[in-house]
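Participant: Sharing a structure, written as structure tokens. Questions coming.
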Amino acid sequence: MTERSGKTVQLSDPASGRSAALPLRTGTIGPAGLDIATLPKELGVFTYDPGFGATAACESRITYIDGEAGVLLYRGYPIEQLAERSDFMEVAYLLLIGELPTAKQLTEFTANIRYHTMINEWLKRFFEGFHHNAHPMAMVSGVVASMSAFYHDTMDIHNPRHREIFAHRIIAKIPTIAAAAHKHSLGQPVIYPRNDLSYTANMLHMLFAVPCEPYEVDPVAAAALDLLFVLHADHEQNASTSTVRLAGSTGANPYAAISAGVSALWGPAHGGANEAVLAMLEQIGTADNIPKFLAMAKDKSSHFRLMGFGHRVYKNFDPRAQIIRAMCHKVLARLGRSDNPLFELALRLEEIALQDEYFIERKLYPNVDFYSGVIYSAIGIPRSMFTVMFAIARTVGWVAHWQEMISDPAMRIGRPRQLYTGPTRRDYLEVKQRR
Ligand code: ACO
């Protein structure tokens, strides 16, 4: 039985005759959360919530999402305003520090990131151990974890200055590591960063330049990449961010925690969806095949899902998808690829799916990754690198959440409960007695 009065919810269990007064915790916006921490002690039960659809694991001041209304705020600022008026370095500062920087703070922050763009030459050698067709996510995850073997001097997680240096290092170096993974796949030499370029222009330079020819970064491509990075920078307690928090809650070094985040992002239900969308569009091929693939997506006996559709939180629209959709048109037109057949196919698929009863009933709309792959491929980024690009942008969010958690005096190791459904107690049998 439950009864709500003021700021508590009274829960009583007639079977045991026990009751508990559970406090309602309120944030600055959004629904209140019922604090159930005392439930096992007071009522002798715990809560069951696979997938954590109804469970907050922490308080956070970084990002707010209202899935029904399609709202996404970074530190209170709407994503639409940041996408139009800000850029990735400024958004990174905002997410990490909590406020928009002054001109001087932004210059200092950007200079700090630029200072750390090179990677240790010995770290570069790690790539030689990977087979040429290794997935870049495997290489990035492994090499990021290995960074902990290089920076012992600044890995005291309780030292705020060490945490700051870590933040600058990982944000600065992950594009260099990602580009090195790409160059390894191609069998080309690793290209050193250029600190006179912006974050995303340098990323494109490291991906596409070769030592024997001059390379000029396309400003349209750099601007498009910057926008994608802004949109992907954080998304509150998603699977990879929760993974970073959980790994970090053990006191593990931050490179290990970020590497865990990279691995969690890889799955097709999360960051791997952008790669999967392009694979799906290529598989569909032409618009007349769409009905066949829609039928497959609706068929519960098939594992096929419409990649880039649906979201755990957004149930009306993904505000990032709307921004990207508009950007997609602009980028393709400006790069002279407005007749991109995959984009045409994506628009047709979106149109047909959005009129389909199955997708309407389940509130399945295109998410951010439905369009991002089309932009990445227009820029010339290979499909296997799409999720890596997402990881570079999301590193900022991971670091912001890790910092927030570590600096919280109430931090505890994350340790979910379980509902045990295995055998009850039984006695060991000697091997000859077993059948
Ligand atoms: N295609 C077909 N059916 C779908 C899809 C889809 N893409 N997504 C959800 N459904 C159906 C489910 O089968 C289920 O149907 P049912 O009620 O008849 O059983 C219903 O919609 C609800 O789906 P759930 O899996 O319960 O939703 P959940 O919130 O757990 O999953 C997720 C969200 C993982 C994003 C899911 O929609 C999905 O797999 N989408 C495709 C992958 C994708 O695009 N991922 C990117 C997410 S965004 C990001 O990480 C940046």
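The values are calculated or read from the model by the stated rules, or taken from the named source; none is laboratory data. Not measured: the values here are computed from a predicted model. Note: ideal-geometry Cβ built from the backbone for every residue, glycine included; neighbour counts use all protein chains shown. Remember, those area values only see protein heavy atoms, side chains included, never the ligands or the DNA or RNA. Shrake-Rupley method; radii C 1.70, N 1.55, O 1.52, S 1.80 Å.
Participant: What number of residues within the stretch 314-355 satisfy the criterion of being surrounded by 14 or more Cβ atoms within 10 Å (Cβ to Cβ), of a type in the set (A, V, I, L, M, F, W, C) and within 25 Å of Ala295 (Cα to Cα)?
Facilitator: Looking only at that region, the number is 10.
Participant: So, in the stretch 313-345, of the ones that are within 16 Å of the ligand (Cβ to nearest atom) and assigned to a loop (DSSP other than H, G, I, E, B), which residue ends up nearest to Tyr376 (Cα to Cα)?
Facilitator: Out of the qualifying residues, it is Asp318.
Participant: I'd like the residue in the stretch 176-212 that is part of a helix (DSSP H, G or I) and among the polar types (S, T, N, Q) and, out of all such residues, is farthest from His132 (Cα to Cα).
Facilitator: Going through the qualifying residues, I end up with Thr200.
Participant: From the list Tyr358, Tyr371, Tyr376, which residue is open to solvent by 10 Å² or more (accessible area, probe 1.4 Å), in a helix (DSSP H, G or I) and hydroxyl-bearing (Ser, Thr, Tyr)?
Facilitator: Answer to the check: Tyr358.
Participant: Same structure, new question: Only one residue in Pro40, Pro31, Pro14, Pro78 is open to solvent by less than 50 Å² (accessible area, probe 1.4 Å) and either closer than 30 Å to Ile324 by Cβ or modelled with pLDDT under 95 (or both). Which one?
Facilitator: Pro78
Participant: Pairs please, first residue from the stretch 297-316 and on the phi > 0 side of the Ramachandran plot, second anywhere and near the ligand (Cβ under 6 Å from one of its atoms) and charged (D, E, K, R), Cβ atoms under 8 Å, 6+ apart in sequence or on different chains.
Facilitator: Gly308/Asp369; Gly310/Arg362
Participant: May I pose another question? Go through Gly285, Gly310 for me and flag whichever is among the small types (Gly, Ala, Ser) and more than 13 Å from the ligand (Cβ to nearest atom).
Facilitator: After applying the criteria, what remains is Gly285.
Participant: Follow-up question, since we're still on this one. Here are Phe46, Phe52: which of them is more than 22 Å from Arg163 (Cβ to Cβ) and touching a helix residue (DSSP H, G or I) at 6+ places or on another chain (Cβ under 6 Å)?
Facilitator: None of the others qualify; the one that does is Phe46.
Participant: From the residues in the stretch 288-307 that are of a type in the set (D, E, K, R) and farther than 18 Å from Lys363 by Cα, which one is farthest from the ligand (Cβ to nearest atom)?
Facilitator: Checking each candidate, the answer is Asp288.
Participant: Checking the conditions here, which among Gly271, Gly248, Gly261 is modelled with pLDDT under 95 and of a type outside the set (Lys, Arg)?
Facilitator: Result of the check over Gly271, Gly248, Gly261: Gly271.
Participant: When residues of the stretch 4-34 are filtered for being part of a loop (DSSP other than H, G, I, E, B) and within 17 Å of Ala54 (Cβ to Cβ), how many remain?
Facilitator: 5
Participant: Regarding Tyr192, is this residue within 20 Å of Val396 (Cβ to Cβ) and open to solvent by 10 Å² or more (accessible area, probe 1.4 Å)?
Facilitator: No.
Participant: Taking the stretch 129-175, which residues are in a helix (DSSP H, G or I), free of Cβ contacts under 8 Å to residues at least 24 places away in the same chain and open to solvent by 50 Å² or more (accessible area, probe 1.4 Å)?
Facilitator: Gly129, Ala149, His152, Asp153, Arg161, Glu164
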